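Below is one structure. I have some questions about it.
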Amino acid sequence: MSESQTRDPQQVPAPADVVRAVAAGVSRLVSDDLDAAQREEQLDRLAALYGEATDVRHPFAPLGDHPRSSRAGIREHFAAARVPVESMTAVDVHVHETADPEVVITEFRYVGTTAGRPFSFPCIFVTRVRDGVIVEARDYTDHVGAARAFGQLDGLAAALAEQAGA
């Protein structure tokens, strides 16, 4: 049975709501107040927003894109997100519908605090949502801004230098 056959059509969330849930879920995941069981639950909730087969890419990732093609791969990606934040929230969320009813473009910023310092960095997600789950996404995040926010610029610079053979 396909995912579309298992979901009640009246309860299928709109594409915009699915993308908003991802942004909010990521914020919740990286907050400092989750215990191990809550973190696992949040990882499951986030992964469930994606199709069993999906195509998620980060074209602007400074160390190269590592596409995710499955719900399990997405869960691994989110599980690796260990950043030292006290708080993080998606704000100024603007969802733009397109001529294709499955595709939405979402602009927002993550804002929060880490080590007592405020941060902010922008994101744009171009997402295809079918039957209430993400089947394709291109996430254009300001990775350098995120590295700056999370105190990881030195590590990013070192990884870039190593990648360049310097």
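Do you know which residues across segment 120-141 are open to solvent by 60 Å² or more (accessible area, probe 1.4 Å), charged (D, E, K, R) and in contact with a strand residue (DSSP E or B) (Cβ under 6 Å, 6 or more places away or on another chain)?
136
Also: Within the bounds of segment 61-77, is there any residue that is touching a Ser or Thr at 6+ places or on another chain (Cβ under 9 Å) and among the basic types (Lys, Arg)?
So far as segment 61-77 goes, yes, one or more of its residues are touching a Ser or Thr at 6+ places or on another chain (Cβ under 9 Å) and among the basic types (Lys, Arg).
Being open to solvent by 40 Å² or more (accessible area, probe 1.4 Å), more than 25 Å from residue 49 (Cα to Cα) and assigned to a helix (DSSP H, G or I) is true for just one of 147, 157. Which residue is that? Break it down stepwise before answering.
On the way: 147 fails: open to solvent by 40 Å² or more (accessible area, probe 1.4 Å).
Being open to solvent by 40 Å² or more (accessible area, probe 1.4 Å), more than 25 Å from residue 49 (Cα to Cα) and assigned to a helix (DSSP H, G or I) holds for just one of 147, 157, which is 157.
Further question on the same structure: Quick one: which strands (runs of 3 or more DSSP E) sit completely within segment 67-136 and have at least 1 residues that are in contact (Cβ under 8 Å) with a residue 60 or more places away in the chain and aromatic (Phe, Trp, Tyr)?
Numbers: elements: 68-70, 87-97, 103-114, 117-130.
The strands (runs of 3 or more DSSP E) meeting that bar are 103-114, 117-130.
Out of the residues in segment 100-119 that are hydroxyl-bearing (Ser, Thr, Tyr) and closer than 15 Å to residue 26 by Cβ, which is surrounded by the fewest Cβ atoms within 10 Å (Cβ to Cβ)?
Just the residues of segment 100-119 that are hydroxyl-bearing (Ser, Thr, Tyr), to begin with: 106, 110, 113-114.
Add one more test, that the residue is closer than 15 Å to residue 26 by Cβ, and what stays is 106, 110, 114.
Values: 106: 23, 110: 23, 114: 18.
Here the residue is 114.
Additional query: Given the conditions (1) open to solvent by less than 40 Å² (accessible area, probe 1.4 Å); (2) modelled with pLDDT under 95, which single one is not true for residue 66?
(1)
Further question on the same structure: Scan segment 146-166 residue by residue and report those that are free of Cβ contacts under 8 Å to residues at least 60 places away in the same chain and over 14 Å from residue 85 (Cα atoms).
Across segment 146-166, the qualifying residues are 153, 154, 155, 157, 158, 161, 162, 164, 165, 166.
Considering each of 63, 29 in turn, give the residue that is in contact with a helix residue (DSSP H, G or I) (Cβ under 9 Å, 6 or more places away or on another chain), in contact (Cβ under 8 Å) with a residue 24 or more places away in the chain, in a helix (DSSP H, G or I) and not charged (D, E, K, R). Working first, answer last.
Working: 63 fails: in a helix (DSSP H, G or I).
Testing whether each residue is in contact with a helix residue (DSSP H, G or I) (Cβ under 9 Å, 6 or more places away or on another chain), in contact (Cβ under 8 Å) with a residue 24 or more places away in the chain, in a helix (DSSP H, G or I) and not charged (D, E, K, R) leaves just 29.
Another one. With respect to residue 71, determine if the residue is among the charged types (D, E, K, R) and open to solvent by less than 60 Å² (accessible area, probe 1.4 Å). Walk me through how you get there before you give the answer.
Details: among the charged types (D, E, K, R): yes; open to solvent by less than 60 Å² (accessible area, probe 1.4 Å): yes.
Spelling it out, residue 71 is indeed among the charged types (D, E, K, R) and open to solvent by less than 60 Å² (accessible area, probe 1.4 Å).
Of these, 36, 24, 53, 47, which one is without any contact (Cβ under 8 Å) to a residue 60 or more places away in the chain and open to solvent by 50 Å² or more (accessible area, probe 1.4 Å)?
On the way: 24 fails: without any contact (Cβ under 8 Å) to a residue 60 or more places away in the chain; 53 fails: without any contact (Cβ under 8 Å) to a residue 60 or more places away in the chain; 47 fails: open to solvent by 50 Å² or more (accessible area, probe 1.4 Å).
Exactly one of 36, 24, 53, 47 is without any contact (Cβ under 8 Å) to a residue 60 or more places away in the chain and open to solvent by 50 Å² or more (accessible area, probe 1.4 Å), namely 36.
The values are calculated or read from the model by the stated rules, or taken from the named source; none is laboratory data. In this text the structure is predicted, and so the values were computed from the model without any measurement. Please note: Cβ atoms are built from the backbone with ideal geometry, for glycine as well, and neighbour counts cover all protein chains shown. All accessible areas refer to the heavy atoms of the entire protein, side chains included, with ligands and DNA or RNA removed. Shrake-Rupley method; radii C 1.70, N 1.55, O 1.52, S 1.80 Å.
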